[in-house]
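One structure below.
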Amino acid sequence: MLRHLLLQRQRRDQAGQPSQFEKGDLAGLKALINRARYLAFRYEVVIVQSGIGHANLVPQFLDVLGATELRLLSGSRQSRLSA
């Protein structure tokens, strides 16, 4: 994702378009890309469906949530390519 942001920025520069950075600059992005190789990261995914509460969850919806969780936790390139 960081490399994509870098390429996007370079394309905008070549086209003479203004930067989309709200904070930071190109040097900071490059430094983050270099540091990212050695940094661990954590993330959390929260699925929100309005109108659904614990009291009215149906088994089919729980199956979908379980499959989604399994897909997210597997994270392997193989599983991403098979979809």
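Could you list, in sequence order, the residues of the range 1-38 that are hydroxyl-bearing (Ser, Thr, Tyr) and loosely packed, with under 10 Cβ neighbours inside 10 Å?
Result: 38, single match.
Can you tell me how many residues within the range 12-36 are acidic (Asp, Glu) and either assigned to a helix (DSSP H, G or I) or in contact (Cβ under 8 Å) with a residue 60 or more places away in the chain (or both)?
Residues that pass the stated criteria total 1.
Which ones in the range 59-77 are surrounded by fewer than 10 Cβ atoms within 10 Å (Cβ to Cβ) and modelled with pLDDT of 85 or more?
If the condition is that a residue be surrounded by fewer than 10 Cβ atoms within 10 Å (Cβ to Cβ) and modelled with pLDDT of 85 or more, then 59, 60 are the ones that fit.
The values are calculated or read from the model by the stated rules, or taken from the named source; none is laboratory data. Predicted, not measured: the structure shown is a model, and the values here were computed from it. Methodologically, a virtual Cβ is constructed for each residue, glycine included, from the backbone with ideal geometry; neighbour enumeration extends over all protein chains shown.
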